[in-house]
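Below: the structure, in structure tokens.
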Amino acid sequence: MKSGLTIKARGLAQSPVFPPAQKRGDVPANVRATQGQTRRTWVRLLRTAWVSWGTHVFAALDQAVVSGTAFLTTVLVGRCTFPSELGTYSIGFSLLASLLAFQDSLILLPYTIQRHRPLGTPAEHAGSSLMQSGLLSALAMVIVVATALGLSAHDAEPKLMAMIWAMAAVVPFALLRDFGRGFVFARLDVAKALILDIAVAATQLGALGWLGSTGRMSATNACLALGAACALPSMAWLYLARADFAIQANQMREAIKQSWGLGKWLCAGQITVSVQGYATYWLLPLLLDLAATGIFAACMSIASLANPLVSAFRSTLTPRAVAAFKEGGGANLRRQAIRDSLLLGAAMTLFCVVVMLGGERLMGLLFHGQEYAGHGHVITVLAVAAMVSAVGSTASNALASMERPRPIVWVALVGAVLTVVLVWFSALAWGLVGTAYGFLAGSAAGAVARWFAFLMVVSRYDREPNPAADPSSMGMDSDRAAVIRVIQQLAPGCKTNDWVIEQLAGGVEANIYRVRCSDHHLPVWQDYRSVVIKLYKPWLSPDVKLVRGAFESLSWLYAALDGSTINGWKISIPAPLYICESPLALVTSMVTGKPLSSWLDHGNMPPEVFQSLPHAIIAAMNRFWSNGLLHGDLTLDNILCDVGARNLSFVDAGMRRTCPFDDDLGSRWEPPSHDLAHMLYDTAVSVLSTIVSPVACFRRRMFAEGVVRAFVETIGSLEARRSQLEEIRACARLHLMDLHRGSWSLRGLYHVLQRQIGSRRIDRLIAGLRTSAQEGTERTGDHAALGQLSPVGDRE
């Protein structure tokens with residue numbers, strides 16, 4: 001599209017702007033230059049406007065065609081048949097809409113999000129998605145046919161039976177048409193979607209008009225007309241687009257696995273959003289009455305007139321967010337999401353103004369009866385709720401483009417629960433007006449939660465530097481350029497085009513990169529075929545003393561543990577190789593395994609490993625701690641595990657830049673207290689992660705508690721156990737106290753919340769461990785120590 005626009009721009013710039021009778025030579029040179037500059041300025045403005053709005057205009061037209069066709073179909077069926085026929089058609093159409101929603105969340109959205117990193121070639125990836133759509137169609141047909149057979153065995157209504165049998169014939173063509181729309185929208189070829197939908201609309205409305213004029217209109221025939229209208233244009237589209245698809249049956253299993261991994265959460269999120277939207281309809285008959293429910297539905301129908309506009313924007317939001325994330329990472333995605341929300345919010349604000357001025361009058365035209373009068377306030381509040389939900393949807397699209405569907409599900413669940421609670425109490429207190437305000441409050445809470453989750457996730461993924469504060473973050477001083485400079489100092493004389501650089505992880509203080517030669521058999525430096533570079537972020541002003549301390553700590557850790565076997569686990573420690581001061585970086589050797597946090601988040605750690613691994617960790621670290629040394633940053637992210645190979649690695653040793661401990665740590669607390677406090681602190685302050693993924697956070701806390709318990713069990717007397725636990729608690733609370741700084745900023749307020757929740761979690765955990773330590777001492781027969789605690793100990 002950009003190339004086409006460029007050609008048009010050149011043609012416009014070269015076209016004459018004066019009448020043919022006036023010659024070019026009659027115009028002064030300075031006037032011609034000014035006019036040429038003006039033309040170029042207008043061309044750039046028009047091109048920018050088209051790039052910004054052209055896609056949205058086509059999407060809005062397409063959605064108007066789709067929504068208008070559905071509306072006119074309902075009107076024609078209702079005018080040409082009886083209400084029972086319209087009810088039957090509505091049942092069939094709702095079933096079809098549900099199948100389309102499943103295809104969208106399970107197949108089309110994963111394809112849109114993952115199309116920039118496909119399995120195989122792009123054509124093979126598209127072919128795999130097409131095959132998945134075909135399998136879904138076959139499964140849907142089997143389910144519909146089984147439903148029809150089951151209803152026929154129970155003597156169901158003949159009209160309903162005929163409708164279900166018609167649905168079995170319509171489903172594959174309707175799903176194919178929907179797949180075609182989603183496929184071209186994923187590529188932002190919105191004009192092709194518009195052509196396809198115009199063809200379907202013309203065919204469908206023409207067939208329905210013929211059915212109505214000849215007296216053959218029925219729910220079943222209307223459904224068959226819909227299927228025929230989808231079949232002809234969608235088959236034609238598939239034939240014309242056949243070059244975009246390459247079918248590879250051997251990739252099918254992996255493609256389904258990839259789509260299901262993302263789609264299952266998107267589907268769950270869609271179900272949760274639907275619950276939030278329809279929960280009010282389910283509650284009002286219980287709280288008020290059916291008449292109030294009908295009036296609320298009428299008001300909502302007026303407030304929902306903006307749905308075509310919102311759907312048109314949403315059709316392009318996900319592809320644009322995916323492209324922004326691919327091209328510029330989290331910072332670019334954040335900017336794109338904010339722009340989209342402002343654009344959508346501006347459009348919805350205009351809609352709310354129109355509804356406020358004319359919503360009640362429009363409702364009087366569409367719905368007759370005194371019951372529907374006087375509800376303009378309710379309509380306006382519901383329109384504002386629609387605007388708030390639309391603004392929040394951009395954050396959900398951004399999270400989906402990052403392939404972070406779990407936050408969407410949990411945040412939507414929070415919004416649904418809040419909506420139910422708020423509507424319940426407000427409807428009982430203030431009737432329909434209270435219901436509308438309860439729905440608005442629930443929608444606002446859901447939108448705020450979506451944006452909060454998105455901003456927190458994207459800030460962890462890709463913290464954007466401030467170019468004004470850090471000029472080196474721009475241009476050639478990017479992370480990749482900095483990594484190349486580090487390697488040039490480590491191994492002078494190597495060719496830069498021989499190196500393969502890939503990012504392994506990103507953190508608050510530094511990013512971790514792996515570097516290897518393009519030829520796997522060649523070493524990067526000495527005998528190391530790959531090295532790891534921890535590149536510190538210069539805008540945080542890192543201290544070279546901390547890097548030297550990390551190098552020294554890692555050296556001691558390497559000397560004490562590397563190559564040993566403990567409790568059946570082989571211990572591997574990365575060898576510290578080099579400190580680069582400009583840019584500041586630490587170079588180490590490569591070790592295998594995934595962080596324990598990743599194992600625990602995905603829940604794929606075998607139960608026996610979950611139980612035994614804490615003891616292996618403590619057995620290994622006790623060898624290190626016994627020499628008066630400490631790791632400095634012992635967290636679940638810095639312990640790597642390869643379960644299959646029974647390999648355990650401790651990485652990233654050294655004090656954190658933000659660690660509040662003084663240099664005289666050794667004279668105050670034992671090394672185990674410091675290291676284990678870090679582990680407890682990190683798991684205790686994960687407030688947002690608990691909301692987004694509570695099960696994973698619970699597994700992390702349980703594992704950290706198991707590590708501390710394994711350490712306590714190595715201590716003999718009860719008093720020593722209690723003293724060590726108190727030291728661990730004091731160290732962890734010192735970190736929590738440090739979170740109090742900057743409490744008047746938004747981040748500072750969040751830190752205060754972390755501090756309060758983390759403090760209670762650590763206190764409960766330590767209390768539980770003290771109880772376990774006491775019980776363990778009882779089992780080992782330490783009667784003297786127990787006798788000092790309670791009369792029970794004396795009796796035993």
| Given (1) open to solvent by less than 40 Å² (accessible area, probe 1.4 Å); (2) closer than 16 Å to S129 by Cβ; (3) modelled with pLDDT of 70 or more, number of the condition L262 does not satisfy | (3)
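Going by what's in this entry, would R700 be described as modelled with pLDDT of 85 or more, within 21 Å of S759 (Cα to Cα), within 35 Å of the chain's Cα centre (by Cα) and open to solvent by 20 Å² or more (accessible area, probe 1.4 Å)?
Against the criterion (modelled with pLDDT of 85 or more, within 21 Å of S759 (Cα to Cα), within 35 Å of the chain's Cα centre (by Cα) and open to solvent by 20 Å² or more (accessible area, probe 1.4 Å)), R700 qualifies.
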| remark: Flagged in the range 561-602 as aliphatic (A, V, I, L, M), at pLDDT 90 or above and either open to solvent by 50 Å² or more (accessible area, probe 1.4 Å) or outside any strand (DSSP E or B) (or both), in numbering order, are L561, I573, A575, M590, V591, L596
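Tell me yes or no: at least one residue of the range 346-353 is modelled with pLDDT under 80 and open to solvent by 40 Å² or more (accessible area, probe 1.4 Å).
no
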| request: Taking G209 as meeting all but one of (1) within 22 Å of P172 (Cβ to Cβ); (2) modelled with pLDDT of 85 or more; (3) not aliphatic (A, V, I, L, M), write down the number of the exception. | output: (1)
| said: Show the residue pairs meeting these rules: Cβ distance below 7 Å; 6+ apart or different chains; first residue within the range 474-485 and part of a helix (DSSP H, G or I) and of a type in the set (G, A, S); second residue open to solvent by 70 Å² or more (accessible area, probe 1.4 Å) and modelled with pLDDT of 60 or more. | reply: none
| remark: For the range 159-218 the number of residues that are closer than 30 Å to P122 by Cα and assigned to a loop (DSSP other than H, G, I, E, B) is 3
| Conditions (1) in contact with a helix residue (DSSP H, G or I) (Cβ under 9 Å, 6 or more places away or on another chain); (2) open to solvent by 20 Å² or more (accessible area, probe 1.4 Å); number of the one not met by Y558 | (1)
| Residues of the range 530-551 classified as touching a residue at least 24 places away in the same chain (Cβ under 8 Å) and either outside any strand (DSSP E or B) or closer than 20 Å to W625 by Cβ (or both), total | 13
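The values are calculated or read from the model by the stated rules, or taken from the named source; none is laboratory data. This one's a predicted model, so the numbers in the text were calculated from it and none came from an experiment. For neighbour counting, all protein chains shown are included, and Cβ atoms are generated from backbone atoms with ideal geometry for every residue, glycine included. In case anyone asks, the SASA skips ligands and DNA or RNA and just uses the protein heavy atoms, side chains included. Shrake-Rupley method; radii C 1.70, N 1.55, O 1.52, S 1.80 Å.
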